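Have a look at the structure below before the remarks.
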Amino acid sequence: MFETKLIKPDYRLAEREAIRLLNESGVYQPPVNPVEIAHDIGVRVSFVHFSGESEGVAGLYDPSEDQILVNADEAGVRQTFTVAHELGHRIMHAEWAKSEAYKVLWRDPKRQSKDRRETEANVFAANLLMPKQMVDEYKSLPVSSIARIFAVSEQVATFRLQNLYGI
């Protein structure tokens, strides 16, 4: 049902869908609150404590409940990115999320899936939380200031600035 061969991530789809969602939500200034956006489109967001084998899970999208589960033990900026990432799956990969091929988002990069949809969800999250048209206004500020303005980690802000402007 779902392809197993290597297919490149569709970065344009991820960007387009994130911008569409921002526009539909009427969000034009930072910081972007993905929890509010999720609620606006009928997706419940729950902060839970994962334990046992699930302890390293950052989050997951449960299509049967139209719900995003986020690790309550993570830092706030990590939770924000996780919600945006899982929202990307809901928007772009709903059918895949219902399949057995769907994987949870692990905190440890070594455990993260290499599936193109994971990359697309990351690109969606970056575009949702730090859309270029908003970042343009602040790009000359220090990374720490940009991270604060957009309510993301300095790592996310640095990665986004590198992708947008090569800095």
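The values are calculated or read from the model by the stated rules, or taken from the named source; none is laboratory data. Bear in mind that the values here come from a model prediction, so they are computed numbers and not experimental data. Cβ: placed from backbone, ideal geometry, glycine included. Neighbour counts: every protein chain shown. All accessible areas refer to the heavy atoms of the entire protein, side chains included, with ligands and DNA or RNA removed. Shrake-Rupley method; radii C 1.70, N 1.55, O 1.52, S 1.80 Å.
Worth pointing out:
- Note on region 1-100: enclosed strands (runs of 3 or more DSSP E) holding 2 or more residues that are open to solvent by less than 40 Å² (accessible area, probe 1.4 Å), aliphatic (A, V, I, L, M) and within 24 Å of Q155 (Cβ to Cβ) are 57-62, 67-71.
- A residue that is within 12 Å of V35 (Cα to Cα), of a type in the set (A, V, I, L, M, F, W, C) and under 13 Å from the mean Cα position of the chain (by Cα) occurs somewhere in region 86-96.
- Only residues that are part of a helix (DSSP H, G or I), of a type in the set (D, E, K, R) and closer than 17 Å to V27 by Cα were counted across region 116-138, and they come to 1.
- Residue under evaluation G59, criteria (1) farther than 22 Å from R148 by Cβ; (2) touching a strand residue (DSSP E or B) at 6+ places or on another chain (Cβ under 8 Å); (3) free of Cβ contacts under 8 Å to residues at least 40 places away in the same chain, criterion not met: (3)
- Within region 87-101, being at pLDDT 95 or above and of a type in the set (D, E, K, R) holds for one residue alone: R90.
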